[in-house]
Structures are given as C-alpha cells and as structure tokens.
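Novice: Input: one structure, supplied below.
The values are calculated or read from the model by the stated rules, or taken from the named source; none is laboratory data. These figures come from a predicted structure and were not determined experimentally. Here the Cβ positions follow ideal geometry from the backbone for every residue, glycine too, while neighbour counts run over all protein chains shown. Protein only, heavy atoms only, side chains kept; ligands, DNA and RNA dropped before computing areas. Shrake-Rupley method; radii C 1.70, N 1.55, O 1.52, S 1.80 Å.
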Amino acid sequence: MKIPSTVVLMRKTEQDFNDPDDKWSGLHDFGNMVLQKKVSLKLISADIIDSNPKNKYGGKVGSEIHLEGWNNRSSYLEDRTFHVYFEWDEDFGTPGAVLVHNPYESEFYLKTITLQDVPGRGPIHFLCNSWVYQNQGSRIFFSTKAYLPRDTPEALRKCREEELRVLRGNGEGKLEEWDRVYDYDVYNDLGRLPVLGGSHEYPYPRRGRTGRPILDHKESRDFKYDMFHIYVPRDEQFSRHKKSEFRDNNLKSLIQAVSPGIEARLNFISRDEFESFQEINNVYDDGSSNVLDSFTSGFFRAISRKGKFPLPQVIKAEDRGAWSSDEEFAREMIAGLNPLLIRLLKEHEFPPLSKLDPEIYGSQHSCITKQDIQSNLDGLSVEQALKNKRLFILDHHDSVMPYLRKINKETKTKTYASRTLLFLRDDNTLKPVAIELSLPNEKGDKFGAVSKVYTPTQDGVEGHIWQLAKAYVAVVDTGHHQLISHWLNSHAAIEPFIIATNRQLSVVHPIYKLLHPHYRDTMAINALAREVLVNENGVIETTFYPGQYSMEMSSVIYRSWNFMEQSLPNDLKKRGIADGDINSLKDLDNLVIEDYPYAVDGLKIWFAIKKWVSDYCSFYYKTDGMVQEDPELQAWWKELREVGHGDKKDEPWWPKMQTREELIESCTIIIWLASAFHAAVNFGQYAYGGYSPNRPTGSRRFMPEKGTPEYTELANNPEKAFLKTITPQLICLQGMTLVETLSQQSSEEAYLGTREDNWTTDKEPLSYFKAFHDRLAEIEDEITSMNEDGKWKNRVGPVKVPYTLLFPTGEVGLPGKGIPNSISI
C-alpha cells in the first residue's frame, strides 16, 4: 500500500541566489533539471534487517520516491509542502529512518517528513531541520523515537553509527560550507598571540575547528565581507531570517566602517568627550536636540533610528539622575548586569585579604580600616556587622592587579583595581561604605599595592570625588561582566558541550534530545564574535578597559573556572549569600540578602529546570547502572572533560558520570548556563549600559589630586571632569551600539519552556515538559507580583526599572526580559 506523507522544504532566498558564488551551481542545477534528476527519498526499516551485504544501512531500504515539481531555482519565498506516497507493507515493519538525496548543487533546507498513518503504528514524524547538499551523499534522518544505545533496534544500529562517524570527521583539512563536522581547536584565530587553550599558562575552553591554514601559530582570517562565511557546521548557522536581521542592524559595518565617520562628524562638537550629561541625553529619542542629525550614512541611521538611540531604561525615570545614587550603585550588584560577584565578608576577612602570591606581588591586602566604615553602619560596630552577616564586598582587586601595570602603561586606560564594601540595611537594601582604589607600586610588583580609601559623601568636591570612585568601580566591573560573566562563562564555556554532544550522542539519544534546543545559534554567534568582537583590535579591545589584554586576562581567570560552581545554589553558597545548602525553594530563607532579585528569581528558574531534567532523565535511566553502561553518554562526558575543557581535565570537581544524580545535575547546569544565566547577563546590557555614565567601559585619567588643574576643574565643572575621565565620545557611541545589538531579541527566538511539536514519541516526557512550561508561567506571575510589591525595594530601585531579566517570556526588540532557550546573540 501507499502511505500518504508530507515533506516540508525551504529553499534559499533571492539574496542567496544573487551571491556570485552561487552562479555556477545554478548552471549545474539547470543541467540536472534537463536530465530530470530529482530529490529522492527512501524509507529504512527499524524492524527488518536486510541481509544483503551491499546494504550499508542495516535496515531494509524501501522503494525510492521523488519530489515531483521541485525546481530548486524557482522563487519559493515560503516553505513548500510536497505531498508524496511511500510504498509500504507489513513485511517492511516500522519506518525508523529516511534516506534523502539532493542531486542539485544548490542546497535546500529540509524541515519535516511526516508519514500520515502507518497501519498499526499511526503517524510517524521526522524532524529534520537540516540543510541538504549534493556533496553530502544520501542523508540519514531518524524518526522522533528516542533510544538509548542498548535499546536501538538492530536494523538502525549501522545508521546510528554512520551518522556519528560523519559528524566527527577525520580531524584533517579545511572544512567547507557543506561539511557537517564538529571538531575542536584552540583559540588561535583571534589575530593575536598568545594562543589561548592547550597550555597551563593560557588555558581556555575549545572552540569549533575550521581548518583554515596556520601561519606563525595563528589561523588565517580569510573571511569575506559577508561575516557569515566563517565555517561552522551548516545546521549551526543562523537562519536566513536571522541573518537578514543581522544585516539590517549592520553590526559589522558599524564596527569596521562607520567608526571613522562617527569620529569625523563629531569633531564639530568636541574632540574627545561629551561636554555635559545633557549632551549625552540628546542622542536619545526624546532629546531636545540631536547631535547625530548630521549623519548621512544610511547604515548608521538604520541602527540608530535616524540618528537617535532608544532611551535606556536606567534613565527613563522622572529623576534622570537616580542612576548616580549610592542605593542604585549598590542595587545593580544584585539586580543589574553583573549580579554574580558580590559576596559576604566573613568575620576573619576584615580587612579584606588578597590571594595573590606575596613573593611576586608583595602585600596586596586591603588597607580599609574600621574607622573608615564605622560611621556608616547604622549604629552597629564593625564586629557586630560582620557577626550579623551585614557586610559584603565587590572585589575586583586580585583579578585586575596582575595586569594593571601593563594596562595603564600600554593602553589608553588609566584605572585601578578596586574593593567596594557594602552594608546591608534593615530594609534589605545595600549601601556602599568604602571604596579602595589600588595601583601597582612604582618601585615594582614585589613592593605591593599603593591604595587609597574613599568613603561616601555628597557635599562639595569630595562628593564629586566619591562619584568618580564609583565610576572606577563600574569600569572594572563592566569589563569583568563583558569578558568573564558574559563571554567566558556562557559563550565560550558552553561551546565544548555543543561539540561533544554532536560528536558523541546520536540524535536519537534521549540526552541529545534534552540538550539540543539549548545549543541553537551558539556556535554561529561565537564564530562571529571571534571575527569582529573578541579578536585583535575588535570591539571588545577598543571599547573595554583591558584593551589588548582582554582575552589574555579572561584566560588567566579561566584557571579558577569550576563546572560545579556554575550551579546557582553552589555559587550562592560559595559567595556566602546562602547560609547553608539550598536544595529546594523551601531553603530560600537561607538567603542572607532576602531581597536579592537575581538569586530569588534565579533559584525559581533553577529548580524548575532541575525538576524537568530529573523527571526526564529518570524516565530513561531507571538505575545508576544504566548511566554507567551507556557507551555514548560515557564517551560524551569523557571527551567533554578531556578535550572540550581539556585544560581542566585533571580537576577533582568534575562529576564522574556514574550516577543518575550526576547526570541530572550536569544537564541542569548546561541548560541553566545556556538559557537563564545568559539571559541574566545579556539582555539588560542596553537597559543599564546604554547610558555610559552608569556603566562606563573605560577611564582615561586617574583620580585628581588636590592642587592639580584636574582637581580645580572637578570643583568648578564636575560633569565635564567626570566625562573627561570616563569613556570618550566615539567609544561611548560604539559601546552604545554594541550593547543595543547584543540586547536585541530576534523574532525567531524560542523561549525556555517551548519546543517544536512532535519532538518525541514518548508520552511521559511530553507531560513532564508541559509541567515545566506551566511552572515557568507561574514564575512569571510571581515575578510580576513581587515587582509590584513595594516591600521589595531592590526589585525596582531608585531608577524604577523592574527586575525582569529572568522573566521567561520575551518579545522582539529591547524588552529587557525573556529567557531564550540558547545563547543565540
């Protein structure tokens, strides 16, 4: 009998066909049409083994059918559905896979194949979601049935093994557009030495291999003007619609071509900086005048709304200056862009201590005294504040000091290592009580640090000094956020998991199905970042304070990276924010800072993810022994440890992957990093960092000293002095454009708790996933309710910006909320 079926395809766009590289394939395709070659499909049985030795697939192969009426050069602007009929009888058994061959030199995107009703078996779905090329030979696509390796039907075992062989490649040669190879390489593609990864001195997670030639230890950077020609496996590339959105934003054009134009056109205002806060305000869409009106270049106008930027949330409140308050400065450490670093100051840690080697760096301990902070502790003594867990620290000393001499000498930056002490008030808000700014000793590193302590004051020139002290803290915190919290701990750290998953877990493996939605677009955005953001002279180097030492610093900080500490409960416990273990939401009372929006919302998301992962994994793995005896799972974890994060392979904290609990915890961490963690550190970048005075990316001169012209200027014109200290005008505009682009959410975004239909045939996992989706909807209601409850002051703060960065559902544009499934921007 014939089984009615549908095949859904997507062709390339007109823009693709206008690519000069595509002309020859068009001639070749025309020849194939003349010869009447057609896209062909064949079913493979999951039940019946073909004893014919020439059958390399194992299962019985059905009759070939073709897509009638398919013309790969026609202008199909939408998906196209073909109605076909597969020949089938009971002797064939259950269809478990489909072979697809594309005779055309132009690729097409195969979305789904659906057998409408196979007798005794019902509908069978194949979610393909893959580009099919002539060069790939016959492609294998499996039905949505999940199998552990031991449960795989014998008739499908060869197909399962063959697919993994293709995806692993042979480790050799330059990889081409049509290749589907996932492989590892070190960071030798940034245009700058040292190479990151592969050494004890400069460890780093691995990135995807491209196979481009190596010259002087560096991979050649031969990408074309189109930034999407960098190799990543084809199915990891952005969709055509997302590419179009990126081209509309013209990120690369802005970065590489527009900057000189901005510089030239802004010279009529001032050479290096804005003159006042009002002049900055004028670049936004509600300004009384617009300093960018003279721009005539279309690509800049497109990204800046005809010369105007959207108004960042941090200055939308009626009080435009609320961002500069001490309360807001402190609040953003628990509800802003980088709410990951503040930690409890323990009784034995006062004054704060350094872990830097005194043999190399001399004494780096803090010089903050009890007298510096006593008057700001709301009547408590320092001892009482420490004992009652009321003192906290934002510590940017040890991570900055080893590079600070080089940065201040060899870049345009003039900044400090910093320590900020904060006091937890009775209403659960924080206030800064001291800032220590430190420089290397001019005599040499072994002579220790030269430090000065600043304390809060609002009056006179000392009040302006205090504002500058907070700005220096923001400079190093903004750099740490972009390089470590955002790039290293999410983008770079997750890429080895993507590579290992595709190399070692079959698409029919339950853990592959669990994790795959959380990998979408990540390799593509990382490849793009290595070309234009974190590369030599890229936007990160030119915008943020470490300059050319940016990536090298991130490598040194990666030495202390610990996979298990990426768990939110473990992180909060390590930082002293949780007084004891947090094993469930019942333990929220263990939070030392009760009103900590990132921690509270994050724990709700964390435990929702963990419940979903636990239910799902427990369905497929009934015992610990099943985890131990799964060869694909064990190969995945081994390769991830020993290759993907190979520079950390000997660390004792790695899970051994011998128990269900280890599997559940590991998968929860992966999903958390790829979804909620990234959302928390990414999608508020424009809301807070789109206004440079609030989150300056650099500083150009040191704190003014009494008796200097700079001190006099600060006393007479504090705004101008402040702006001459922080990010200069051109870099400010470039930074604004960068964080606006990174904060955007695509119209194609898939949010946490959503998946394609028919992703599995197993009913129990589908019910578990619905429960997960429903729990996320409840969390949304809880977040909204808490944001509206005046009891929780840190959830809105003086700037009146509700904390929504962990609100699961987002929307197109700059919503400041939404948790996409994956790191897709």
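Novice: How many of the residues in the range 583-626 are basic (K, R), surrounded by fewer than 18 Cβ atoms within 10 Å (Cβ to Cβ) and under 19 Å from L673 (Cα atoms)?
Specialist: Number satisfying all stated conditions: 1.
Novice: Which one is nearest to K452 (Cα to Cα) among residues in the range 364-396 that are surrounded by 13 or more Cβ atoms within 10 Å (Cβ to Cβ) and small (G, A, S)?
Specialist: Applying the filter and picking the extreme gives S366.
Novice: Residues that are over 19 Å from the mean Cα position of the chain (by Cα), under 26 Å from E236 (Cα atoms) and either open to solvent by less than 60 Å² (accessible area, probe 1.4 Å) or hydroxyl-bearing (S, T, Y) (or both): does the range 745-760 have at least one?
Specialist: Yes, the range 745-760 has at least one match.
Novice: Could you tell me how many of the residues in the range 317-345 are in contact with an Asp or Glu (Cβ under 9 Å, 6 or more places away or on another chain) and of a type in the set (K, R)?
Specialist: Of the residues in that region, 1 qualify.
Novice: Regarding E275, is this residue farther than 20 Å from A529 by Cα and at pLDDT 85 or above?
Specialist: yes
Novice: Mind telling me which of the residues A715, A674 ends up being open to solvent by less than 40 Å² (accessible area, probe 1.4 Å) and in contact (Cβ under 8 Å) with a residue 60 or more places away in the chain?
Specialist: A674
Novice: Considering each residue of the range 530-560, count those that are over 21 Å from R701 (Cβ atoms) and open to solvent by less than 30 Å² (accessible area, probe 1.4 Å), and give that number.
Specialist: 15
Novice: Being assigned to a helix (DSSP H, G or I), farther than 30 Å from E162 by Cα and hydroxyl-bearing (S, T, Y) is true for just one of S550, S560. Which residue is that?
Specialist: Only one candidate qualifies: S550.
Novice: Would you be able to say whether some residue in the range 773-788 is polar (S, T, N, Q) and in a loop (DSSP other than H, G, I, E, B)?
Specialist: no
Novice: Which one is nearest to T659 (Cα to Cα), of the residues in the range 615-632 that are outside any loop (DSSP other than H, G, I, E, B) and either in contact (Cβ under 8 Å) with a residue 60 or more places away in the chain or in contact with a Pro (Cβ under 7 Å, 6 or more places away or on another chain) (or both)?
Specialist: M626
Novice: Of E442, E436, E462, which residue is charged (D, E, K, R), open to solvent by 20 Å² or more (accessible area, probe 1.4 Å) and either modelled with pLDDT under 95 or outside any helix (DSSP H, G or I) (or both)?
Specialist: E442
Novice: Looking only at the range 84-130, which residues are on the phi > 0 side of the Ramachandran plot and either open to solvent by less than 50 Å² (accessible area, probe 1.4 Å) or of a type outside the set (G, A, S) (or both)?
Specialist: G93, G122, N129
Novice: Look at the range 129-165 and say how many of its residues are among the polar types (S, T, N, Q), closer than 30 Å to E105 by Cα and not in a strand (DSSP E or B).
Specialist: 6
Novice: Pick from R139, R160: which is surrounded by 14 or more Cβ atoms within 10 Å (Cβ to Cβ) and over 14 Å from S506 (Cβ atoms)?
Specialist: R139
Novice: Could you give every pair whose Cβ atoms fall below 6 Å, whose first residue belongs to the range 593-610 and is under 15 Å from L752 (Cα atoms), and whose second residue is in a helix (DSSP H, G or I) and among the small types (G, A, S), counting only separations of at least 6 or pairs across chains?
Specialist: I605/A676
Novice: Can you name every residue in the range 397-408 that is outside any helix (DSSP H, G or I) and open to solvent by 10 Å² or more (accessible area, probe 1.4 Å)?
Specialist: D398, S399
Here's the yes/no breakdown for (1) β-branched (V, I, T); (2) in contact (Cβ under 8 Å) with a residue 40 or more places away in the chain; (3) closer than 24 Å to I315 by Cβ:
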residue	(1), (2), (3)
F772	no, yes, no
A777	no, no, no
V796	yes, no, yes
V812	yes, yes, yes
G818	no, yes, yes
N821	no, yes, no
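Novice: Which is out of contact with any Ser or Thr (no Cβ under 8 Å at 6 or more places or on another chain) and assigned to a loop (DSSP other than H, G, I, E, B), of E536, E565?
Specialist: E536
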